[in-house]
């Protein structure tokens, strides 16, 4: 028998996750899977950042896209605004890239379908649950 003390319990006949119960004889297959993060936001930030940075560097900002800005006695050109905005988007994209981590899950296949029943950023935790399922299913 395995339990994490909170939400997951594996016995000789039942696999329980939170309030969901799965009979071991109903589990056709299970595996430990890697779930990559959705990096669409990162790609968008990096792409837009590079575009705005390039527009500013090559001084090709289309007229009307960005107006110049005056703060007190300081004049900020559209070129500087474009480069600043592009650099900010690039830094945001890089920040998202660093923060977003892959997750790990226990994937089961039953007669009702497939699902990831446990998902966690901790690979060791998910591996222990997968190993407990292996041992329990070997007894069948």
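The values are calculated or read from the model by the stated rules, or taken from the named source; none is laboratory data. Just so it is clear, the structure is predicted and the values come from calculations on it, not from any experiment. Reconstructed Cβ throughout: ideal geometry from the backbone, glycine too, with neighbour counts over all protein chains shown.
Odds and ends about this structure:
- With respect to being in contact with a strand residue (DSSP E or B) (Cβ under 7 Å, 6 or more places away or on another chain) and either at negative phi or at pLDDT 95 or above (or both), residue 10 fits the description.
- Matching entry among 78, 60, 92 (being on the phi < 0 side of the Ramachandran plot and without any contact (Cβ under 8 Å) to a residue 12 or more places away in the chain): 60
- Where a residue in the range 10-30 is not assigned by TED's automatic domain parsing to the domain that holds residue 109 and its partner, wherever it lies, is crowded, with 17+ Cβ neighbours inside 10 Å and modelled with pLDDT of 95 or more, with Cβ under 8 Å and at least six apart: none
- Within the range 79-135, being in contact with a helix residue (DSSP H, G or I) (Cβ under 7 Å, 6 or more places away or on another chain), surrounded by 14 or more Cβ atoms within 10 Å (Cβ to Cβ) and under 20 Å from residue 24 (Cα atoms) holds for 105, 106, 110, 118.
- Just one of the numbered conditions (1) in the same structural domain as residue 131 (by TED's automatic domain parsing); (2) at pLDDT below 95 is not true of residue 117: (2).
- Filter result (under 13 Å from residue 108 (Cα atoms) and assigned to a strand (DSSP E or B)) within the range 21-47: 21, 22, 23, 27, 28, 29, 30, 31, 32, 33
- Residues within the range 114-129 that are assigned to a helix (DSSP H, G or I) and over 17 Å from the mean Cα position of the chain (by Cα), tallied: 5
- Filtered residues of the range 48-71 (kept if surrounded by 13 or more Cβ atoms within 10 Å (Cβ to Cβ) and not in a loop (DSSP other than H, G, I, E, B)): 48, 49, 50, 51, 52, 53, 54, 55, 56
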